[in-house]
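The values are calculated or read from the model by the stated rules, or taken from the named source; none is laboratory data. Since the model is a prediction, treat every value here as computed from it, not as a measurement. Using ideal geometry, Cβ is built from the backbone for each residue, glycine included, and neighbour counts are taken over all protein chains shown.
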Amino acid sequence: MLISALFLSQLEKKFSLKSTVLMLLPILATCFLLIAMPIDSIIGGYNKLFYMIYFSLIVFCIGASVAGLDIPARSYLQATVDEDYMGRVAGFISSLTQFAMPFGTVIFGIALDYIKSPYVALTISSLLFVYSIYLYYNMTIQEVGTKVQVGEV
């Protein structure tokens, strides 16, 4: 994530927030789809080195995608939220994400007890693809003065 953050800080100047989100969400969905793929049937055997390299690349891509989505989102917040409210907004978002983590852990823990993990990864991938398509058609970004606003059509 650190390497990708350095790389993405340079790319952020070239791409808009909308194009960054619309580019990285499908990449993230594809990474989850690659986790769900039955690679045993593709390579025809059990090779520890192949699995290590395969899943290391997927995890690297997931980390890079998450960093690539997080950095523009934080930049957007800093550009649009008034300085008087920045601490409160950042604290609220941080609290909300920390509050949601245990629920996500419980939900996915229960799901993995009853559903095979490739199906869970396939479901996440499908939901991310659908959300990407939704954002593609509904996300609008307009510059108003010096501030950037994100909204839905």
Scan the stretch 16-27 for residues that are out of contact with any strand residue (DSSP E or B) (no Cβ under 9 Å at 6 or more places or on another chain), more than 9 Å from Gly68 (Cβ to Cβ) and either modelled with pLDDT of 90 or more or basic (Lys, Arg) (or both) and jot them down. Pro26
Got a number for residues in the stretch 36-63 being buried (at least 17 other Cβ atoms within 10 Å of the Cβ) and modelled with pLDDT under 85? 1
Cross-chain or 6+ apart pairs with Cβ under 7 Å, the stretch 119-140 first and more than 14 Å from Ile27 (Cβ to Cβ), then surrounded by 13 or more Cβ atoms within 10 Å (Cβ to Cβ) and small (Gly, Ala, Ser): Val120/Ala111; Ala121/Ala36; Leu122/Ala36
Take the stretch 64-121 and flag every residue that is at pLDDT 85 or above and either charged (D, E, K, R) or in contact with a Gly (Cβ under 7 Å, 6 or more places away or on another chain) (or both). Asp82, Glu83, Asp84, Arg88, Asp113, Lys116
Mind telling me which of the residues Val120, Val106 ends up being closer than 17 Å to Ala36 by Cβ and of a type in the set (A, V, I, L, M)? Val120
